[in-house]
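Chemist: For reference, the structure I am asking about is given below.
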Amino acid sequence: MLDTLNAFDARSAASAETIDLGRTMAPTPRSFSKFLQNGISNLVSENDLSTLVRHHRFLGTDTDKLLGARWLAPRLGTSVPLDRLLVTGGTQSALLVLLGTLLKPGDLVLTERLTYPAIRPLTNLLGLKLDGVEIDSDGMLPAALEDCCRRLAPTLLLTSPTVQNPTTSIMPAARRAEIAAIARKYNVLIVEDDVQALLVDDPPPPISTYAPEISWYVMSLAKSISIGLRVAYPVGPDADSVSSLRTNLRSVSSWFVSPLSAALVQTWMQDGSAAKILTEVKNESRARQRLASEILHDFEFETKPCALHLWMPLPAGWSSDAFGERSEAAGVHVQTSGLFTLPGNQPPASIRVSLGRPLERETLSRALEILAGLLRTARPASG
């Protein structure tokens, strides 16, 4: 038994030494602890927390929704009706509910050919079919989408056109209008994940604004404030659609927002802390992108100044799995392309390198130097 515990401790120590560049998350500003302390202090002084946690927050209070609508205003304008907006426990729970209620088993979902890793397990869980649309450096190709719509008769398009995961592409406005027009033409619902858009200076309007009557828009705080809050804002096409969604799932609590998280977010939005945290996250993200550009300047990669990660094609001779194993052995965890590739497609020789997980830039710098060294000197094993 003691040998087993010692072995476990050894594995844990080795894992602790690995620098994680795998998970895409907002970097934690140096002042975040102060914001957290102040916010919690305000909650304690202004609320009976024991009462707060004894009840569901359901899908947000009227104040939660009002503040959420204001938070979304840079993307959706200042006139989002509160009866079209919900407050839920994160993007993935919102997507699970939307896909599970808008579709039936066997329906086809289209998404980008390289896509957010949670999409495959979500569609598998719900018995949905999934197919990918070809992309270029500006995101999903309208001609490819129309071809898929004509041949495959999809029910829903799930897309992330602003700092797409993993490619970091930002779709131009004109193409967004084309995508929306094609979806409308073929009666295809749109679910748009806009999670990184608030990190971008002057991003194009959401696709949802070009076809609001068939669109569900989702914005969470995971990439702009903190991933652990688990707060997201789905916006439906109309009040009746949102009411129907609520009615059908009235007793399903798994997508309800946490009372403590919602109350903390409400405090931060009311006193201006949320906006300040967002600014600091943006500044830190840009600083980390500059650091990555300095260290990886000899190598090609796709990214944006605001992005939380970069997408890197590997030098000739590498597969993504081989490089991922070599990087892990050297003490740096990255995500390999197979995680983002839909079944039936060959994963490209690429990796996603996320910049936000290390608490300190010094740790990130050390990890990027290790990656640069591997790319310069190491080669795949022969055979």
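The values are calculated or read from the model by the stated rules, or taken from the named source; none is laboratory data. These numbers were taken from a predicted model, which means no experiment stands behind them. Reconstructed Cβ throughout: ideal geometry from the backbone, glycine too, with neighbour counts over all protein chains shown. Accessible surface is based on the protein model in full, side chains and every heavy atom, while ligands, DNA and RNA are left aside. Shrake-Rupley method; radii C 1.70, N 1.55, O 1.52, S 1.80 Å.
Chemist: In region 231-240, what residues are over 15 Å from ASP193 (Cα atoms) and touching a residue at least 60 places away in the same chain (Cβ under 8 Å)?
Modeler: Answer for region 231-240, where residues must be over 15 Å from ASP193 (Cα atoms) and touching a residue at least 60 places away in the same chain (Cβ under 8 Å): ASP238, ALA239.
Chemist: Please identify the pairs in which a residue from region 300-321 that is closer than 9 Å to VAL353 by Cβ has its Cβ atom under 6 Å from the Cβ atom of a residue that is open to solvent by 60 Å² or more (accessible area, probe 1.4 Å) and not aromatic (Phe, Trp, Tyr), counting only partners at least 6 apart or on another chain.
Modeler: TRP311/GLU302
Chemist: Please verify whether VAL235 is buried (at least 22 other Cβ atoms within 10 Å of the Cβ) and under 26 Å from GLY22 (Cβ atoms), treating the condition exactly as stated.
Modeler: Considered against the rule, which asks whether it is buried (at least 22 other Cβ atoms within 10 Å of the Cβ) and under 26 Å from GLY22 (Cβ atoms), VAL235 comes out as no.
Chemist: Considering each of HIS333, HIS297, HIS309 in turn, give the residue that is within 15 Å of THR18 (Cβ to Cβ) and not hydrophobic (A, V, I, L, M, F, W, C).
Modeler: Step by step, each of HIS333, HIS297, HIS309 is checked, and only HIS333 is within 15 Å of THR18 (Cβ to Cβ) and not hydrophobic (A, V, I, L, M, F, W, C).
Chemist: Oh, and also: Name the residues in region 248-290 that are more than 23 Å from the chain's Cα centre (by Cα), of a type outside the set (Lys, Arg) and surrounded by fewer than 16 Cβ atoms within 10 Å (Cβ to Cβ), would you?
Modeler: ASN248, SER251, VAL252, GLN270, ASP271, GLY272
Chemist: Restricting attention to region 221-232, and to residues there that are touching a strand residue (DSSP E or B) at 6+ places or on another chain (Cβ under 9 Å), assigned to a loop (DSSP other than H, G, I, E, B) and not small (Gly, Ala, Ser), which single residue is surrounded by the fewest Cβ atoms within 10 Å (Cβ to Cβ)?
Modeler: The selected residue is ARG230.
Chemist: Is there a residue in region 329-348 that is open to solvent by 60 Å² or more (accessible area, probe 1.4 Å), in contact with a Leu (Cβ under 7 Å, 6 or more places away or on another chain) and not β-branched (Val, Ile, Thr)?
Modeler: Checked against the condition, which is being open to solvent by 60 Å² or more (accessible area, probe 1.4 Å), in contact with a Leu (Cβ under 7 Å, 6 or more places away or on another chain) and not β-branched (Val, Ile, Thr), region 329-348 yields no hits at all.
Chemist: Collect the residues in region 102-137 that are hydrophobic (A, V, I, L, M, F, W, C) and either out of contact with any strand residue (DSSP E or B) (no Cβ under 8 Å at 6 or more places or on another chain) or assigned to a loop (DSSP other than H, G, I, E, B) (or both), keeping them in residue-number order.
Modeler: Filtering region 102-137 down to residues hydrophobic (A, V, I, L, M, F, W, C) leaves 102-103, 108-110, 114, 118-119, 122, 125-126, 128, 130, 133, 135.
Hits for region 102-137 are LEU103, ALA118, LEU122, LEU125, LEU126, LEU128.
Chemist: In region 118-151, how many residues are open to solvent by 30 Å² or more (accessible area, probe 1.4 Å) and out of contact with any Asp or Glu (no Cβ under 6 Å at 6 or more places or on another chain)?
Modeler: The total comes to 18.
Chemist: Among the listed residues LEU21, LEU76, LEU82, LEU36, which satisfies the condition of being surrounded by 11 or more Cβ atoms within 10 Å (Cβ to Cβ) and either under 30 Å from LEU371 (Cβ atoms) or small (Gly, Ala, Ser) (or both)?
Modeler: LEU21
Chemist: Something else about it: In region 196-220, what residues are open to solvent by less than 30 Å² (accessible area, probe 1.4 Å) and without any contact (Cβ under 8 Å) to a residue 60 or more places away in the chain? Step through it out loud before you land on a result.
Modeler: First pass over region 196-220, keeping only residues open to solvent by less than 30 Å² (accessible area, probe 1.4 Å): 196-200, 204, 206-208, 211, 214-220.
The answer is PRO204, ILE207, ALA211, ILE214, SER215.
Chemist: Hey, does region 158-165 have a residue that's of a type in the set (Val, Ile, Thr), surrounded by fewer than 23 Cβ atoms within 10 Å (Cβ to Cβ), modelled with pLDDT of 95 or more and not in a loop (DSSP other than H, G, I, E, B)?
Modeler: No, region 158-165 has no match at all.
Chemist: Follow-up. Does region 49-66 contain at least one residue that is buried (at least 17 other Cβ atoms within 10 Å of the Cβ), outside any loop (DSSP other than H, G, I, E, B) and in contact (Cβ under 8 Å) with a residue 12 or more places away in the chain?
Modeler: yes
Chemist: Kindly establish whether GLY100 is touching a Leu at 6+ places or on another chain (Cβ under 9 Å) and surrounded by fewer than 21 Cβ atoms within 10 Å (Cβ to Cβ). Write out each step before concluding.
Modeler: Details: touching a Leu at 6+ places or on another chain (Cβ under 9 Å): yes; surrounded by fewer than 21 Cβ atoms within 10 Å (Cβ to Cβ): yes.
So GLY100 fits the description; yes.
Chemist: Go through the residues of region 107-117 one by one and say whether even a single one is of a type in the set (S, T, N, Q), open to solvent by 40 Å² or more (accessible area, probe 1.4 Å) and either under 17 Å from the mean Cα position of the chain (by Cα) or closer than 30 Å to ASN283 by Cβ (or both).
Modeler: no
Chemist: Here's a follow-up. Kindly indicate whether any position in region 299-312 is of a type in the set (A, V, I, L, M) and under 13 Å from THR28 (Cα atoms). Outline the logic, then answer.
Modeler: To start, the set of residues in region 299-312 that are of a type in the set (A, V, I, L, M) comprises 307-308, 310, 312.
Checking which are under 13 Å from THR28 (Cα atoms) leaves us with 308.
So far as region 299-312 goes, yes, one or more of its residues are of a type in the set (A, V, I, L, M) and under 13 Å from THR28 (Cα atoms).
Chemist: Hey, another quick one. State whether the residues of region 239-247 include one that is under 20 Å from ASP62 (Cβ atoms) and crowded, with 21+ Cβ neighbours inside 10 Å.
Modeler: Looking through region 239-247, at least one residue is under 20 Å from ASP62 (Cβ atoms) and crowded, with 21+ Cβ neighbours inside 10 Å.
Chemist: Pick out, from region 256-347, the helices (runs of 4 or more DSSP H) lying fully within it that include 3 or more residues that are closer than 23 Å to LEU199 by Cα.
Modeler: Passing ranges, in order: 259-271, 273-295.
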